[in-house]
Amino acid sequence: MNIEEYRNYCLAKKGVTEEFPFNEIALVFKVMGKMFALIDVEKFDSISLKCNPERGVTLREEYAGINYAYHFNKKHWIGMATDGSVPKSLMYELINHSYELVVSKLPKKIKQELEDYEK
């Protein structure tokens, strides 16, 4: 997966926006204002994603390319390498998982806005 594939995949999801809230290299993807993914646009060596805590433990045990996300809560975020050590299908699955996890925690009113959201 290259940075353009990743960016296009994230932006194709309903209610997703992108921004640089921290600095000019940390690109954040948000669904309805809540962050679900982050990358370094200069290096694109890893993707930080929200993850179910139990699943995160399992993934870190099974894949050398999945670790703790730098500067994030180690229980709720994973860092996924983009060097090919994580299968591409799993990369897409984990982006979806992160997005869906964040959506599941949105207030009912915001979820309804997301359902009505038109790209």
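Bear in mind these aren't lab numbers, they're just calculated from the coordinates by the rules spelled out. What you see is a predicted model, and the numbers here were worked out from it, not measured in a lab. Here the Cβ positions follow ideal geometry from the backbone for every residue, glycine too, while neighbour counts run over all protein chains shown.
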Using the alpha carbon gyration tensor of the chain, what are the three equivalent-ellipsoid semi-axes (square root of 5 times each eigenvalue), largest first, in whole Å? 22, 17, 13
Neighbour net charge for GLU93 - beta-carbon separation under 14 angstrom, K R +1, D E -1: +2
VAL41-LYS109 FRET efficiency (beta carbon distance; Förster radius 30 Å; 0.05 resolution): 0.35
Candidates LYS50, LYS105, LYS74; GNM for the chain (alpha-carbon contacts under 10 Å) flags as most fluctuating LYS105
Any chance you could run the full-extension gain for GLU100 through ILE25? It's 0.36 nm times the residue separation minus the Cα-Cα distance, nm to one decimal. 24.5 nm
Using the beta-carbon distance between SER89 and GLU62 and R0 = 22 Å, what value does 1/(1 + (r/R0)^6) give for FRET efficiency, to the nearest 0.05? 0.95
At R0 = 35 Å the Cβ-Cβ FRET efficiency linking GLU18 and LYS75, nearest 0.05, sits at 0.85
If I build a Gaussian network model for the chain, linking alpha-carbon pairs within less than 10 angstrom, which residue out of GLU18, GLU100, GLU61 has the largest mean-square fluctuation? GLU61
